[in-house]
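Right, one structure below, let's go through it.
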Amino acid sequence: MKIAFFSAKEYDKTFFNLANKQFGFEIQYHETHLGPHIVDLIKDVQAVCVFVNDKLTREVIEALSKKGVKIIALRCAGFNNVDLEAAKEFGITVCRVPSYSPEAVAEHAVAMLLTINRKTHKAYNRVREQNFSLDGLLGYNLNGKTVGVIGTGKIGHAFIKIMLGFGCKVLAYDVFPDDSLISNGVDYVTLEELLRQSDIISLHCPLTKENHYLINNKTLALMQNGVTLINTSRGGLINTEDIISALKSKKLAALCIDVYEQEEHLFFKDLSMEIIDDDKIQRLMSFPNVLLTAHQAFFTQEALTEIAQVTLDSISKLDKNCMEEHSKIILA
Ligand code: NAD
């Protein structure tokens, strides 16, 4: 079985080559993302392995099917970048890694919150210049604050456990409440109540057609003045223009984002010598109270080990003629 691997980085090769010792697949690593520009070059490949910013549009999927590709293996949890209808129509099975290390993402969300609040990123640079003053570094205690969590699946659950440990009151919004969280003191409320009552709001729901731009002028208006917003989920959950207005009006005290709606043009690349023509991200980066990381919340040794293992294992199972059964599990 040959696998064409797109958006490949050195760290991907390290972890996948290690995991592949057990499977023995032929993996062709391509640095480029998967798109119409490369699809013609695919040959004798039964599976493609893709990441968050590879766009699996109908056009790409149709071309893959003509090339004989049978499996699209997403080495990530989210699948908003794949046209699932088209995959079904062209008989391609899609698998993903539904859970690799929810703690990796939850801990990064907490790291961002602590950084923006206690300004350790500024303090780090300041003391290196022998500036030991505290002016401008004032933070607040997390203990006693109300944290609103939108989406209480695996990552939301892990994030809530940490917030409860800090002594926060946790409000949650999800269509499927988690009983174990309720028994630990988490209150499930309506989205509106969560937005109105929270000091800190963290997004942990997937991006769907229904919740695209969940955070917009209307929902921002419901929030308290001085709220902190964290998004480690998907960029499309936030309307960037509206969030910039909320930062300018000081509605938002701080914004921590690991994802951005136009990230496929920027993230995972070194653009330090380039002129970036995305004015929205430049504006976001100009705010002192915005902390932006480039989709690194998943990036731990444990998560990469699990991603490689689960992805290759799924491909191996699908290869052994259990496509029907597996596609049902994976797309659920
Ligand atoms: P999950 O499926 O375990 O949980 C998602 C939860 O969100 C579910 O409980 C679901 O009922 C709920 N939900 C769905 N739509 C909702 C809505 N409109 N409002 C409120 N709740 C809603 O998924 P997970 O493993 O916790 O991952 C969550 C998201 O995190 C993924 O979809 C992905 O987009 C993102 N993610 C980001 C990174 C990163 O590196 N930044 C890594 C992994 C996952």
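Nothing in this text is a laboratory measurement; each read-out follows from the coordinates by a stated rule. What you see is a predicted model, and the numbers here were worked out from it, not measured in a lab. Please note: Cβ atoms are built from the backbone with ideal geometry, for glycine as well, and neighbour counts cover all protein chains shown.
Treating r as the C-beta distance of ASN225 and ASN17 and R0 as 41 Å, the FRET efficiency rounds to 0.20. With R₀ set to 35 Å, the beta-carbon distance separating ASP279 from VAL175 gives a calculated FRET efficiency near 0.45.
Within 10 Å of each residue's Cβ, count the other Cβ atoms and sort ASP54, ASP179 from fewest upward.
Details: ASP54 22, ASP179 7.
Fewest-to-most Cβ neighbours within 10 Å comes out as ASP179, ASP54.
When you filter the trypsin sites (Lys or Arg not before Pro) in region 252-289 for DSSP loop state and at most 16 other Cβ atoms inside 10 Å of their Cβ, you are left with LYS269.
Anyone know which of ARG75, ARG196, ARG234 comes out most mobile in the 10 Å Cα GNM of the chain? Answer for the Gaussian network model of the chain: ARG196.
Counting only residues at least eight positions apart within a chain, or on another chain, the aspartates and glutamates with an alpha carbon under 17 Å from that of LYS250 are ASP199, GLU241, ASP242.
Calculated FRET efficiency, PHE166 and ASP40, Cβ-Cβ r, R0 45 Å, to nearest 0.05? Could you put the intermediate results ahead of the total?
Details: r = 52 Å, r/R0 = 1.17.
The value I calculate is 0.30.
Note down the magnitude of the dipole of the chain about its Cα centre, charges +1 on Lys and Arg C-beta and -1 on Asp and Glu C-beta and zero elsewhere, to the nearest 20 debye.
Values: 35 positive and 41 negative charges, 106 e Å.
Result for the chain is approximately 520 debye, rounded to the nearest 20.
Tell me whether region 156-198 comes out rounded, prolate or oblate; compute the Cα gyration tensor, take square roots of the eigenvalues as a ≥ b ≥ c, and use a/c under 1.5 as the rounded threshold. Cα axes put region 156-198 in the oblate bin. When Rg and the Kirkwood Rh are both derived from Cα coordinates, the Rg/Rh ratio for the chain amounts to 0.99. Remark: PHE16, PHE176, PHE90 ranked as PHE176, PHE90, PHE16, counting other beta-carbon atoms within 10 Å and listing the fewest first. Extension gain for GLU26 to MET1 (0.36 nm times residue separation, less C-alpha to C-alpha distance): 8.4 nm.
Which of rounded, prolate, oblate describes region 183-225, given a ≥ b ≥ c as roots of the alpha-carbon gyration tensor eigenvalues and a/c under 1.5 marking rounded, otherwise prolate only if a/b is larger than b/c? Verdict is oblate for region 183-225. Charge tally around ILE61: other residues with Cβ under 9 Å, Lys/Arg +1 each, Asp/Glu -1 each, net -3.
Could you give the length gained by full extension between PHE299 and SER272, i.e. 0.36 nm per residue of separation minus their alpha carbon distance, to one decimal place? All intermediate terms of the calculation are to be shown ahead of the outcome.
Values: separation 27, 0.36 × 27 = 9.72 nm, distance 2.09 nm.
Value of the extension gain: 7.6 nm.
Below 19 Å, Cα to Cα, which lysines can LYS21 reach? Residues fewer than 8 away in the same chain don't count. List returned: LYS2, LYS9, LYS13, LYS317, LYS320. Each residue in LEU137, LEU229 was given a count of other beta-carbon atoms within 10 angstrom of its own, and listing them fewest first yields LEU137, LEU229. For region 96-169, lysine pairs with C-alpha atoms less than 27 angstrom apart, excluding pairs fewer than eight positions apart on the same chain, total 9. The residues packed around ILE182, meaning those with a beta-carbon under 14 Å from its beta-carbon, carry a net charge of -2 if Lys and Arg are +1 and Asp and Glu are -1. For a distance above 23 Å, tell me the whole-number percent of Cα pairs in region 22-113 that qualify. Percentage above 23 Å: 29. Ordering GLY167, PRO177, TYR188 by Cα displacement along the dipole of region 160-210 toward the positive end leaves GLY167 in first place; charges were set at the Cβ atoms of Lys, Arg (+1) and Asp, Glu (-1).
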